[in-house]
Every structure is written in C-alpha cells, then in structure tokens.
Amino acid sequence: MELPVRVKESYEVNNEKLGRWIRDVAEMCQPDAIRWCDGSPGEYDRLMSDMVRRGTATPLAKRPNSFLFRSDPSDVARVEDRTFISCITYDEVGPTNNWINCDDLRRTMTELYRGCMHGRTMYVIPFSMGPLNSPMAKISIQVTDSPYVVCSMHIMTRVSPKVLEALGADGDFIKCLHSVGAPLAPGEEDALWPCAPIEQKYISHFPHDDEIWSYGSGYGGNALLGKKSLGLRIASAMARREGWMAEHMLILELELPGGELHYVAAAFPSACGKTNLAMLVSPLEHKGYKVRTIGDDIAWLRPGPDGRLWAVNPEAGFFGVVPGTGPETNPNAMATIRTNTIFTNVAVTRDGIPWWEGKDKKPPKDLLDWQGRPWNGTDKAAHPNSRFTVQARQCPSISPKWEDPQGVPLSALVFGGRRARLAPLVFEARDWEHGVFVAATMGSETTAAATGNVGVVRRDPMAMLPFCGYNMGDYFGHWLRMGQALESPPRIFHVNWFRQGQDGRFLWPGFGQNLRVLLWMIDRIKGKAGAVDTPIGKVPRPEDLNLEGLNVPDSDMKALLAVDREEWAAEVPEIRAFFDRFGERLPPPLSHSLDALAQRLGVTATA
Ligand code: GTP
Ligand code: SPV
Ligand code: MN
C-alpha cells in the first residue's frame, strides 16, 4: 500500500519517524483505509453514529449523548496471564511479570498482525498523557482498528493535532499498536464486538523501545493503551530511568475549615475503591470539610524543588466500575455519568434505561442483562466489571487544580486493600522506609477487574502487581531511593474499608464516611491526633477519630481497629516467601523491616 510520510487530512504530519512507523504498521496489518484522528467532537459523533447504525452501540434513553456497548462474553476484563513485559532477559522483568524474550514475542505477534486489519479502517490517534503544557506530559500515538477504542481514547486522553505540533519534525513518541485481531474476508459480516480467542490475545510491552503491542481484545486496559499499558507499565520503567514514579493511585484534594488544602494520593488494587474515594462527598461539609477530585486511577509523581512529592493525573477521563455506583454511595459519579457517557456491559430496560446492581434498590421490570438477554433475576444483570467512560471535567467535584501543569503537592500517601480480616481500618507507618515495607507487602482479595478467580487474597505491592513494567524488586529499590530524594516526603498510611464481622457484613460504612479516616491522617501530620503503637504501626483508638454524627456500634469500632497478633504472625512467613521470590533483587531494608516486624510480634522471620 502507498502511504506518503506527509499526510494531508485535517493536519499535516511531518515527523519522519511517525510517517515511517505508520507505513510499516499499515504494510503489516493491511487495513482497507487509514484515518488520522483529530479528537474533535465531530469525529466522535461521526464514529458513534456509524456504530449505532451498525448495531454495535445503542443510544440510551434520558441520558443525552450516551451509549451502551456489549462486549463479547470472552472479552470483559484485563487478561493478566496474557499480559507480557518483554525485555531481553527474564531478570529485567522479574518473577511477578510474564516474560517472553522480545525477539520471540515480536515474531509471534508479527504473524498475528499480518493482514489483521483486512476489511477495517486503521485509525491513527495522536494523544498526550498529562496536559500538553505540563513538564510531565508524554506524547504518544495509538493505532487501532476499533472505533469504540477511538471514542474511548477521546474521553480518556487528550487527542489533538496539537500533539503532533508538540512532537515536531524529530520528536520521539510512545508507540501503541492495537488490533482487535479479527480480520474480515471480503463480504464477511462483522461481529458486534470483534475480538480474538484467548490464546491469541497478547498485551505486550517493550520498555526498551517505549512500545506497546496489543492484540485480540477490545476491552478496557487491554485496548485503551494510554491507561495501564502506557500510563503505568511503560511509564513506570521510564520513571525509574528519569527519577519519578508512575503509580496506580487516585489523587484527591481535602479542604479544611478556613480553606487550608491538603492533597492525598491513594493506591488500592483494581475495583477496591479509588474512584469512590476520589469523589467522596463529605458528611461534614457543613463544618467546612470538603473533598475534590484530581484523578481516580493513575498518578505520576515527582519530587518538586521544595522537597515535596508532586502529583499529576495523566488521564482526561474516568473508566469507572459501574456496579455499586448509586446516589448514596457515589452521588458525584452519578452526576458525572448523566450525559456524554459510554456504558459497557450494563443491563438495560426495553426503553433504553441503563441499570446495574447498586443503582437503586429495586431492579426495573423487563430488564435485559449485559448480554442483551431477558434477565433471569438471579445472575448479575450488569457484568461485575461493567464500566462507564466519561470525561473528568463533567465531574461536579473536580478540583480547579486537576489540570495544573505542575500538579499538586502531597501531604499523604495511602495504601489499602480489600481484606475481610486482618488489616485494621487504618494505621500509620513509622517512616518512609517502613511505609515502603507496608506497601510492598499489602494483600488484597482479587476482583472482577481482571479475568480469573475473585475473592482470593494475593500480595499486590503498591496495587501495582499487574502494572509494574520491570522487576518488582528493583521497583521497591526505586521507592526507597525516592524517599531519600525528598526533603519532606508525604506520610504513609494503610487503610481497609472492607473488614467484615463474623456475620460477613462490612463493619465500616465506607464511602463518604471514609472522610473521618482522612481527617485523622491530616491531624497526625499536624501532630494533633493520638494513636497507639502496635507491631504493625500506629493505630487510632476510637476516641482519636472524629466520629461525630456517625452510628457505628462501639463493638464494631473496636473490631475495626483491632490488631490480632496471631493473625499478623501468620503473615510473616508468607511475606518472607513472597520476598524470597525476588532473590538478590530484594532491597535489604525490606528484609530488615520484616525481621523487625517479626521481632515486634515475637516470632521468627523465616519462611
Ligand atoms: P479500578 O477502576 O478497577 O482501578 O477500581 P477503583 O479502585 O477505582 O474502585 P471503585 O472506586 O470503582 O470501587 C470498586 C467497588 O468497590 C465498587 O463496587 C464500589 O461500590 C465499592 N466500594 C468503593 N468504596 C467502598 C467503601 O468504602 N466501602 C465498600 N463497602 N465498598 C466500596
Ligand atoms: C483496573 O483494572 O485497575 C482498571 C480498569 O482501572 S482497566 O483499565 O481495564 O485496567
Ligand atoms: Mn485501575
């Protein structure tokens, strides 16, 4: 296929490397046509109307400019066992990532890519992660044969010809190649959600080349490559080289009475509460406490000239978990998704009203489940990993600072997981090094955000287990070094909103009430709040928390803040076994922290 390096459509491309890459990709994938995207509303509308006409998208009732998509039942979440970090040696990638030698992987995938866009249009999307005027911004180009992905990228990233201006004639960019992996024979009718079988799915990362090759899936983090692939995996590897950090964190702004502002970033594993905490509605707003949103999934962090850690949200939208989102739990999200929203895999009434578990108490009559079948009333009507895709700027709680090119300075870093037992509502780490230990050893129950078992506890260091683009042992070392580079590092805390009583009910009301825990953190930082020293860190007593107007029985509060020595002692050999997987790559301070924990618990620290 002939393809000029200079493309004259709505703008001119004069970057030779880009022209050459597009030509090579087009030669390999053989699309019927190539379209350069400009990110305009007109482009979005044309693609969306086209998908409505073909039956892939369904317009929703009472929600202006909002659409339902149903994915293939085999393509509903991230596929961690088909996600690869590909370097030359296994050691660069480490025991927690899937490794295939990059030459072998490129060979295998080139075979898959050959002719994979037959019958389809190849879209070229120039986008920026981070505001273009930010020193943190990263320029990238995604190629995809999915118009659903193009529309989603419009929402989630900053798509614009200005990105190409910023790139200039010889600038470098991160290469994101994506195909749904479903070539069409001449005259063949397209599937409503084209994708490839599981064994042909590959989400591959080449950190040495700043390149991503994704094949076979159209869903979420597998396909919207700015998000986990670039924003976390490739970015974490870049960040290590360049002295910053790419983390799976929300960023929020907390306003205190009198107007004092604090910024907090929090890392929870997938579907463990980041979006909800970032959009928290304060139960103490009448007292002057207010929370605003900066970001809900990814934070890029760097040391500022003032010795503090500064955070930027590189995304422009939210790709949020739908189930559990309701007027009581997350009214800000409910308001955000009233218009201009893509819903994927929710249920819908025959009149086009979307529905999901947790939206309201009673499901409406005549519901079609997420696969479009009449709902049987017992299975989940919406898929547990159904998602909304919506621009951040529609969120009523968005902070005026959310696009600040310098980002915001952090007072605290919070880590947390989903633990029915063990972890108390909140505790504070002794110092940065201990905080890194706490984060590196956090455990959480798996969720529907990735395919596989749900509800199994696994170690998920810094909530980055599926997202770290290099050897996690080296990643721990990078964390320790970053602490040394900061004159005023944020204080580190651990939370657990999900502790359960014997009866299996959540002991903590969660959502808006999580504010009370944030306030304790800020008071700790100011030296104003009490805590007791325990083997795992500093834990508040009930009287140290502001529980004004909250109805949690004393016995539940006690259980929420309990640190059970025996349960924690049982963690020690498990953590040792986890650490042993990293061999010599494990930084010695982490091993020492484990010894110290064991000693405080009165046990030995061998596996
Ligand atoms: P990803 O987008 O996958 O990274 O997830 P996330 O961390 O942003 O999770 P999200 O905020 O979407 O929450 C996931 C699920 O947990 C939703 O069903 C929420 O309703 C539920 N959830 C969030 N916060 C709380 C809480 O404080 N308590 C309880 N019980 N559930 C919560
Ligand atoms: C997650 O799984 O942590 C997500 C959703 O935020 S996805 O973009 O699909 O990775
Ligand atoms: Mn996430």
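The values are calculated or read from the model by the stated rules, or taken from the named source; none is laboratory data. Computed from a predicted model, the values in this text were never measured in an experiment. Because the Cβ atoms are built from the backbone with ideal geometry, glycine has one as well, and the counts that use them run over all protein chains shown. All accessible areas refer to the heavy atoms of the entire protein, side chains included, with ligands and DNA or RNA removed. Shrake-Rupley method; radii C 1.70, N 1.55, O 1.52, S 1.80 Å.
For the reader, a short list of remarks on this structure follows.
- Being in a strand (DSSP E or B), of a type in the set (A, V, I, L, M, F, W, C) and within 15 Å of Ala61 (Cα to Cα) holds for only one residue in Phe388, Phe343, and it is Phe343.
- When each of Arg373, Arg430, Arg387 is tested for being modelled with pLDDT of 95 or more, open to solvent by 10 Å² or more (accessible area, probe 1.4 Å), on the phi < 0 side of the Ramachandran plot and within 16 Å of ligand 3 (Cβ to nearest atom), the lone residue that passes is Arg387.
- Candidates Ser152, Ser128 - the one that is modelled with pLDDT of 95 or more, closer than 30 Å to Gly407 by Cα and assigned to a helix (DSSP H, G or I): Ser152
- Flag for Ala182 being closer than 19 Å to Leu47 by Cβ and open to solvent by less than 50 Å² (accessible area, probe 1.4 Å): yes
- Total residues in the range 458-475 satisfying the condition of being within 15 Å of ligand 1 (Cβ to nearest atom) and assigned to a helix (DSSP H, G or I): the figure is 2.
- Matching strands (runs of 3 or more DSSP E) fully within the range 476-540 where at least 1 residues are out of contact with any helix residue (DSSP H, G or I) (no Cβ under 9 Å at 6 or more places or on another chain) and not acidic (Asp, Glu): 537-539
- Taken together, the residues in the range 319-347 that are more than 16 Å from ligand 3 (Cβ to nearest atom) and of a type in the set (A, V, I, L, M) amount to 6.
- Residue in the range 1-40 that is modelled with the highest pLDDT, counting only those that are charged (D, E, K, R) and part of a strand (DSSP E or B): Arg35
- Residue check, Ile174 β-branched (Val, Ile, Thr), more than 15 Å from ligand 2 (Cβ to nearest atom) and open to solvent by 10 Å² or more (accessible area, probe 1.4 Å): no
- Residue within the range 120-129 that is in contact (Cβ under 8 Å) with a residue 60 or more places away in the chain, open to solvent by less than 10 Å² (accessible area, probe 1.4 Å) and farther than 21 Å from Thr389 by Cα present: yes
- Qualifying residue in the range 315-324 (condition: farther than 15 Å from Met156 by Cα and away from ligand 1 (no atom under 15 Å from the Cβ)): no
- Ser74 falls short of the stated requirement of being assigned to a helix (DSSP H, G or I), among the polar types (S, T, N, Q), farther than 18 Å from Phe388 by Cα and open to solvent by 50 Å² or more (accessible area, probe 1.4 Å).
- Options Gly416, Gly510, Gly455; residue that is within 12 Å of ligand 1 (Cβ to nearest atom) and surrounded by fewer than 19 Cβ atoms within 10 Å (Cβ to Cβ): Gly510
- Options Thr344, Thr378, Thr447; residue that is open to solvent by 10 Å² or more (accessible area, probe 1.4 Å), polar (S, T, N, Q) and in contact (Cβ under 8 Å) with a residue 40 or more places away in the chain: Thr447
- On inspection, Arg419 fails the criterion of being under 27 Å from Ala439 (Cβ atoms) and within 16 Å of ligand 3 (Cβ to nearest atom).
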